[in-house]
Amino acid sequence: MTKHVAVLMGGWSAEREVSLNSGRACAAALEARGFRVTPVDAQRDLASVLARVAPDAVFNALHGPHGEDGTVQGLLEIMGLPYTHSGVLASALAMQKDRAKVVMKAAGVPVPDGVVVNRREASRQHILPPPYVVKPVAEGSSVGVIIVREGRSHPPQELAREDWSFGEQVLVETYIPGRELTCAVMGDRALGVIDIRPATGEWYDYDAKYAKGGSIHVLPAEILPDIYQRVRELALTAHQALGCRGVSRADLRYDDTPDGTGALVVLEVNTQPGMTETSLVPEIAAHAGHSFGELVQWMVEDASLNR
């Protein structure tokens, strides 16, 4: 009997468009692998839609709040629908960057120093000496991230704007110069490491992530073998410490600048990493010998409850 999979995509977070791209790509790949697929643009009536669709499993291609933070996962648990990626607790924990850092640090994973403050306070004074990074506590895809450069006299004024939509609390962290590295975890195995280099601009922002040609992906990352292996170890340790399941992706900074500290820190773990044509996890999986179709099929076959 053909397995019926509902692919959740869209939603109403700031990452809606990215999620639609992820969902369409995954739905097409699953259909090509012989699954019966129903695409679902997740809205507030999701429970009634899923009750009507009655899938055997749910592929969660949502990104950001409500799709990645444990709420949809809780709904799927209540409805008894097996689903992909991490469960309720790991999803909620990884989404709250400040809380996730506490858990990762306790597991021996190095994380950048930082503090959570009200956004208006961070707009009035430098919370840390520049350079530093300001980011929403619970957003992804570099949405709302601000880098305050060394020598900047005033704090970021945009944090005080009335149309700021990324929450009242922000995480202010020490800026780590050097390389942006990322590593995918698939089940209980860390895969390869990519060195991400923005093609234009100075850092890996939203446009560098999702625009064609926005970034250069060096795979495998051209770093010393012991550093490469250490990145893989940290990604897997962070995945396990947070209780992640299925596929995740850890983002790291590595200070290999000429006068740098050599620091290697984990910034965050993404429990719902992008699955678009420019996404990192499918690229890393392909390098490990798993085609895009094989990857999404594995994720569906891995779907379960009580994750």
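Taking segment 29-55 as the range and being of a type in the set (G, A, S) and either buried (at least 16 other Cβ atoms within 10 Å of the Cβ) or under 21 Å from the mean Cα position of the chain (by Cα) (or both) as the test, the residues that pass are A29, A42. Can you find, within segment 248-270, the residue that is surrounded by the most Cβ atoms within 10 Å (Cβ to Cβ) among those that are more than 23 Å from P136 (Cβ to Cβ) and touching a residue at least 40 places away in the same chain (Cβ under 8 Å)? Selected residue: Y254.
Of all residues in segment 272-290, those being surrounded by fewer than 17 Cβ atoms within 10 Å (Cβ to Cβ) and closer than 13 Å to A28 by Cβ number 1.
Table: residues versus (1) hydrophobic (A, V, I, L, M, F, W, C); (2) surrounded by 18 or more Cβ atoms within 10 Å (Cβ to Cβ); (3) in the same structural domain as P273 (by TED's automatic domain parsing); (4) in contact (Cβ under 8 Å) with a residue 24 or more places away in the chain.
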position	(1), (2), (3), (4)
S153	no, no, no, no
Q157	no, no, no, yes
A160	yes, no, no, yes
W164	yes, no, no, yes
G167	no, no, no, yes
V170	yes, yes, no, yes
L181	yes, yes, yes, yes
A184	yes, yes, yes, yes
R189	no, no, yes, yes
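Set side by side, the residues S215, S248 differ, and just one is touching a helix residue (DSSP H, G or I) at 6+ places or on another chain (Cβ under 7 Å) and either modelled with pLDDT under 95 or in the same structural domain as G144 (by TED's automatic domain parsing) (or both), which is S215.
Any idea how many residues of segment 142-173 are touching a Phe, Trp or Tyr at 6+ places or on another chain (Cβ under 6 Å) and part of a helix (DSSP H, G or I)? Residues flagged as touching a Phe, Trp or Tyr at 6+ places or on another chain (Cβ under 6 Å) and part of a helix (DSSP H, G or I) within segment 142-173 amount to 0. For segment 1-23, the set of residues classified as more than 18 Å from the chain's Cα centre (by Cα) and surrounded by fewer than 17 Cβ atoms within 10 Å (Cβ to Cβ) consists of M1, T2, H4, listed by residue number.
Looking across K105, K101, K97, one residue alone is modelled with pLDDT under 95, among the basic types (K, R) and at negative phi. It is K97. The residue pairs whose first member lies in segment 222-241 and is under 30 Å from G87 (Cβ atoms), whose second member is among the aromatic types (F, W, Y), and whose beta carbons are closer than 8 Å, counting only pairs six or more residues apart or on different chains, are V231/Y254.
Residues of segment 16-61 being more than 23 Å from M79 (Cβ to Cβ) and touching a Phe, Trp or Tyr at 6+ places or on another chain (Cβ under 9 Å), which ones? Of everything in segment 16-61, those that are more than 23 Å from M79 (Cβ to Cβ) and touching a Phe, Trp or Tyr at 6+ places or on another chain (Cβ under 9 Å) turn out to be E17, V18, N21, A25, A29.
Would you be able to say whether some residue in segment 100-110 is assigned by TED's automatic domain parsing to the domain that holds T237, closer than 25 Å to W12 by Cβ and surrounded by 21 or more Cβ atoms within 10 Å (Cβ to Cβ)? Checked segment 100-110: at least one residue is assigned by TED's automatic domain parsing to the domain that holds T237, closer than 25 Å to W12 by Cβ and surrounded by 21 or more Cβ atoms within 10 Å (Cβ to Cβ).
In summary, R120 fulfils each of the numbered conditions (1) surrounded by fewer than 21 Cβ atoms within 10 Å (Cβ to Cβ); (2) closer than 17 Å to G167 by Cα; (3) under 16 Å from the mean Cα position of the chain (by Cα); (4) not hydroxyl-bearing (S, T, Y) with the single exception of condition (3).
The values are calculated or read from the model by the stated rules, or taken from the named source; none is laboratory data. Computed from a predicted model, the values in this text were never measured in an experiment. Note: ideal-geometry Cβ built from the backbone for every residue, glycine included; neighbour counts use all protein chains shown.
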